[in-house]
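The values are calculated or read from the model by the stated rules, or taken from the named source; none is laboratory data. As the structure is a computational prediction, the values presented were derived from the model and not from experiment. Because the Cβ atoms are built from the backbone with ideal geometry, glycine has one as well, and the counts that use them run over all protein chains shown. What goes into the accessible areas is simple: the full protein's heavy atoms, side chains included, and nothing from ligands, DNA or RNA. Shrake-Rupley method; radii C 1.70, N 1.55, O 1.52, S 1.80 Å.
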Amino acid sequence: MNLRQHEGRDGYKVWLSSDELDQLIEAAPNASAGIAFALGGRCGLRSQEVADVTPKDIQHTDAGPILRVVGKGDKYREAWIPDQLVTRIETAASFRDMPDHLPIVQSSGDSRKVSTRTLRRWIADAAAELVIQSDDDAWAQVSFHDLRRSWATNLAAAGVDP
């Protein structure tokens with residue numbers, strides 16, 4: 001885990017390795033949180049994009065599965081999504097017997113969309129658990145945006161062309 005202090009405010013920017021991201025996903029307080037963390041850390045989605053993802057946003061193309069989402073500033077974008085995460089989302093949607101137009105990440109098992117505040121709470125809960133498990137206080141600095149930051153850095157480290 002790499003940390004760098006924010007300029008002009010308290011707190012740190014955090015970059016998680018792929019293994020550390022796996023640890024965070026596994027420490028998620030519930031299934032929706034695990035999916036949310038994976039969407040942020042494996043697909044680079046912003047918190048609001050995560051809250052809006054529905055099963056119908058997954059498109060199966062000749063190049064593999066992608067997410068088609070409307071992002072910041074109503075800009076349309078596509079993001080690659082790992083097969084394992086596609087399976088996890090499709091399984092969750094099937095298990096819940098939910099229509100494919102409802103958000104996959106839900107706050108309480110019903111059809112209500114999760115708030116970005118809930119996403120921040122889930123990250124804080126998982127990070128607190130990892131502080132205890134690992135005896136590493138650096139986990140307490142992890143924010144939801146750090147998942148996106150880690151995604152970009154891990155792609156660059158893997159040699160993916162921006």
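Each residue, Gln5 and Asp83, gets one label point 7 Å from its Cα in the Cβ direction; the gap between the two is 4.6 nm.
Largest first, the residues Met98, Met1 sort by 1.4 Å accessible area into Met1, Met98. The length gained on full extension between Thr61 and Arg121, counted as 0.36 nm times the residue separation minus their Cα-Cα distance, comes to 18.2 nm.
Taking every protein chain into account, the 1.4 Å probe leaves Thr61 with about 50 Å² of accessible area, to the nearest ten.
In the stretch 1-63, a dipole from Cβ-located charges (positive for Lys and Arg, negative for Asp and Glu) runs towards its positive end, and of Ile25, Gln48, His6 it is His6 whose Cα lies farthest in that direction. Asp97 contributes an accessible area of around 130 Å² to the protein surface, as traced by a 1.4 Å probe with all chains present. Each residue was assigned an accessible area with a 1.4 Å probe, and for Glu49 the value is about 10 Å².
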